[in-house]
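Asker: Take this structure first; my questions come after.
Read-outs: derived from the displayed coordinates by stated rules, not from any lab. Please read all numbers here as calculations on a predicted model, not as lab measurements. Reconstructed Cβ throughout: ideal geometry from the backbone, glycine too, with neighbour counts over all protein chains shown.
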Amino acid sequence: MTDYSEIPLFPEDVLPSDHRSGFVALVGKPNVGKSTLLNAWAGQKIAIVSQKPQTTRHRIRAMVTLPDAQVIFVDTPGIHEPRHKLGEFMVATATRAVPDADLVLFVVDASQPPSKEDHLIAELIRKKGRASTMIALNKMDLVTSDVLEIRHTEYSALLKDALLMPVSATQEDSSEELLSTIIAQLPLGPRYYPADQVTDQDERFIVAELIREQILQQLHQEVPHAVAVMVVDFKERPEKDLIYISANVFVERESQKGIIIGESGRQLKRIGKAARQEIEQMLERRVYLELWVKVKKKWRKDENELRRLGYALPKKR
Ligand SMILES: Nc1nc2c(ncn2[C@@H]2O[C@H](COP(=O)(O)OP(=O)(O)OP(=O)(O)O)[C@@H](O)[C@H]2O)c(=O)[nH]1
Ligand SMILES: [Mg+2]
């Protein structure tokens, strides 16, 4: 059950009597487009996105407030078979979101038939889901209508009672149609967050994520997965009319440090420049960004390091 006592309530006299609200958990295997959907509904980049699996590592909320409804979308890491403690943290984070949600949105990829992971996630939802479930058959733009029909049948069979809707997170109208259907499934309820709050993540976290996003987009194979980013300084510099940000980029090995820095520091410069532009767009301010690449051996396997880097593992029972 969601612990609503944690969440400040903002009753508003003007809300209509049929106001609907609730927590909608986006759950699925990696790379199916959960974060892209969240951003589409939020109308801005809240969660980072990349073409590589296992991009999202945390639970990230985005609130969509309308005159007659408030939806709190909960993005989660892709559920996969973990190979280290960071992976275990990610899967535990996603798993926990299932019983907490008023509606579980199982996101699947229309360009592929259901995999073993999809079957396992469907089973998890059947066992732990408390309320209603829907299936978002995403990336419909990548398949013909014939294939879409086949996928519709295949994925519907995973959760027989769930309403399935095809969608394309990269096409605005498409995600809006799904939003209306989601709202219709939510219970009557109050506004849990102020109307102008769009996320529960603070600016420092989003800045660190935007840096990690560039590393995911610009580097290949294992290197981006071995990266953790921490903002260590975030200061106003009024005399220069900018914000000074300094961040540590942690990797697991010296060789990875070399790859990120690149020849004559060129790779790091490219990452820094692109990240700075994204950060400036988010903060709507000029930014001076400094990046420091450091080695923290095997941090993904070390529970203490994980906690220090903001990946707090759930307590063992
Ligand atoms: N063609 C197409 N691509 C999409 C669509 N939705 C997402 N993508 C792409 O799919 C890739 C993965 O998207 P993400 O939103 O990062 O996926 P995710 O499910 O959050 O992945 P994890 O965080 O790793 O679990 C990105 O390259 C997106 O641009 C879609 O509707 N159509
Ligand atoms: Mg994601």
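Asker: Is region 19-185 best put as rounded, prolate or oblate by its Cα gyration tensor, with a ≥ b ≥ c the root eigenvalues, rounded for a/c under 1.5, and otherwise prolate when a/b is larger than b/c, oblate when not?
Answerer: Details: a/c = 1.25, a/b = 1.05, b/c = 1.20.
Since a/c stays below 1.5, the shape of region 19-185 is classed as rounded.
Asker: Per DSSP H run of at least 4 residues, take -39500 (n - 2.57); add these up for the chain, divide by its residues and hand me the 222 nm value, nearest 500 deg cm²/dmol.
Answerer: Roughly -11000 deg cm²/dmol at 222 nm, from the helical runs in the chain.
Asker: Right, another one. Kyte-Doolittle mean at least -1.0 and Cα extent at least 24 Å along the axis: which DSSP H helices of the chain qualify?
Answerer: Both cut-offs are met by 266-283.
Asker: Give the total of Lys-Lys pairs in region 43-181 with Cα-Cα distances below 21 Å; include a pair only if its members are 8 or more places apart or on different chains.
Answerer: Pairs that pass both the separation and distance tests number 10.
Asker: Rg (Å, one decimal) plus Dmax (Å, integer) for the alpha carbons of the chain?
Answerer: Considering the chain through its Cα atoms, Rg and Dmax are 20.2, 63 Å.
Asker: Using Cα-Cα distances under 8 Å and only pairs 6 or more residues apart, what relative contact order does the chain have, in percent? Kindly include the intermediate steps, with their values, before the conclusion.
Answerer: Working: 600 pairs, mean separation 57.9, N = 317.
Result for the chain is 18 percent.
Asker: May I pose another question? Tell me the GluC sites (Glu not before Pro) within region 102-194 that lie in a loop according to DSSP and have at most 11 other beta-carbon atoms within 10 Å.
Answerer: Here no loop site has a sparse enough neighbourhood.
Asker: Here's a follow-up. Bin by bin, in steps of 10 Å, what percent of the Cα pairs in region 149-229 do you find, going until the bin that has the longest distance?
Answerer: Whole-percent P(r) values from 0 Å outward: 13, 22, 29, 32, 4.
Asker: While we're on this one: Enumerate the whole-percent occupancy of each 5 Å bin, from 0 to the last occupied one, for all C-alpha pair distances of region 203-308.
Answerer: 2, 13, 24, 24, 17, 12, 6, 2, 0
Asker: Among the lysines in region 203-308, how many pairs, 8 or more places apart or on different chains, have alpha carbons under 24 Å apart?
Answerer: Final tally of qualifying lysine pairs is 16.
Asker: Now, a different point. So for each of 213-223, 289-299 I average, over its residues, the number of other beta carbons within 10 Å; can you give me the resulting order with the highest mean first?
Answerer: 213-223, 289-299
Asker: Comparing His225, His84, His58, which has the greatest mean-square fluctuation in the GNM of the chain with Cα pairs linked when under 10 Å apart?
Answerer: Among His225, His84, His58, the largest mean-square fluctuation in the Gaussian network model of the chain belongs to His84.
Asker: Give the residue list of trypsin sites (Lys or Arg not before Pro) in region 129-169 that are DSSP loop and have at most 11 other beta-carbon atoms within 10 angstrom.
Answerer: Details: sites: Arg130, Lys139, Arg151, Lys160; in loops: Arg130, Lys139, Lys160.
In loop regions of region 129-169 (DSSP not H, G, I, E or B), the sparsely surrounded trypsin sites (Lys or Arg not before Pro) are Lys160.
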